[in-house]
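In what follows, a structure is listed as structure tokens, so that the remarks can point back to it.
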Amino acid sequence: MHEARVVISTLIVVSIFTFSCIGEGQQNSIFEEFGDAPSKLWDSNEIGEQWQIISPNNSTTIGSFSTNDSVDVFALEISSTNWTMVGFWVSNNDTVRISVQRLNQSTWTIVEFADSEQGELGLDPGVHAIRLERNGDFGEEIAYRFTLENRGSFEDEGEFVNLAWMFTPFYVVAGLFLIFPLVIVLWWNRSDLLPSKRGGELVENERHILNALRDRFSIKDLTKGREEVSAALSILGKGSWNSVSEELGVPEIRHFTENIDICVWRFEDSINSLLIGIRAGTIGWEMAAIRIFSPLGEVATIQSVIPEMIFRDDEVFLGDLEGGSTKFVQIETLGNPPAFNIQISGLVDGKPIAAVPTNPIEMGEE
């Protein structure tokens with residue numbers, strides 16, 4: 001019985017001793033700053049004795065700033081073969097800031113850092129830095145207390161490598177694929193987007209047509225070649241406004257507004273014949289008509305119109321003119337009034353509009 005009591009007593013003592021050792025092992029190791037910690041990083045191959053090396057394994061370091069000291073730098077050694085996540089904080093002191101800096105082990109330059117807001121940083125094996133900095137309260141001594149906590153090791157994921165160059169061919173192909181439809185649209189509309197030579201030079205076909213029209217206008221009997229003249233005016237009406245204006249010269253009269261552009265030409269030996277060019281503005285005209293009248297009150301009558309259109313007495317019915325469209329009409333008058341005036345009327349945007357050139361057309365010999 002006595003021996004049993006001795007054994008039980010021995011087990012109790014051993015258990016108490018074991019738990020005491022475990023409890024002591026879980027407590028933080030406390031270190032004190034020796035001397036005055038340097039205020040900058042080391043820049044040589046080896047760390048000098050002035051930099052105190054601290055282990056990240058659950059340790060607390062006590063230090064202070066003297067009256068003329070504002071920065072302390074400690075060395076932090078990671079002896080593990082893997083990366084280690086280190087937690088850190090300053091205890092009960094808002095006037096001191098802490099940051100941990102991960103250093104390049106060859107050049108000792110700062111690769112990455114974290115402050116107390118992040119509170120932790122992954123560090124690779126080697127020596128890194130802890131930086132304490134005074135935050136105000138200059139001119140008096142301040143004590144601080146910071147703690148490091150080993151939060152476990154993890155495998156190195158390796159450095160991030162910029163592989164953007166591998167996607168360059170994809171970007172080029174994708175860019176061409178996206179731009180190709182735009183190139184097609186621009187090609188289809190190149191005549192509208194690019195300066196055209198038609199503004200300064202006539203194509204040979206238009207020049208031939210205008211020369212033929214001059215010859216027809218100089219013939220007093222306009223019934224001859226009526227079909228040719230009608231076809232030529234129809235062709236010119238598809239977009240040759242600048243060409244006709246430059247080739248036929250200055251018009252007898254010119255009337256230009258934002259809604260319409262009117263030109264009237266006469267030719268030698270064609271006293272009773274007029275070539276009227278009409279170019280609608282951006283807004284089309286509905287139920288457009290040409291009317292001729294004598295400013296002296298004499299009767300003005302239309303004898304014929306090329307191309308064929310409905311006319312009566314002194315008026316020619318043009319119909320609808322699309323916005324930006326051009327129409328050429330040859331009118332032969334009856335009789336020999338000394339002067340004519342013309343009027344273009346119709347509906348523009350639903351409102352009746354009349355365009356009347358201020359100058360009359362003198363019908364006497366040129």
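For Phe31, nonlocal amide neighbours, meaning residues 5 or more places apart or on other chains whose placed amide H falls under 5 Å from its own, are Thr60, Thr61, Ile62.
Residue exposure proxy: Val90, Val173, ordered by other Cβ atoms within 10 angstrom of their Cβ from fewest to most, comes out as Val173, Val90.
Taking other Cβ atoms within 10 Å as a rough exposure proxy, Val96, Val185 sort from fewest to most as Val185, Val96.
Among His255, His128, the ranking by other beta carbons within 10 Å of each residue's beta carbon, starting with the fewest, stands as His255, His128. Anisotropy class assigned to region 34-87 is oblate, per the alpha carbon gyration tensor with a/c at or over the 1.5 cut-off and a/b no larger than b/c. Note that region 66-79 has calculated 3J(HN,Hα) couplings of 6, 5, 10, 10, 10, 9, 10, 10, 10, 9, 10, 9, 9, 8 Hz, one per residue in order, obtained from phi through the Karplus relation 6.51 cos²θ - 1.76 cosθ + 1.60 (θ = phi - 60°); glycine and proline are x.
Where a number appears in this text, it was derived from the coordinates with a stated rule and is not lab data. It should be emphasised that the depicted structure is a prediction, and the values quoted were computed from it without experimental measurement. Glycine gets a Cβ as well: all are built from the backbone with ideal geometry, and neighbour counts include every protein chain shown.
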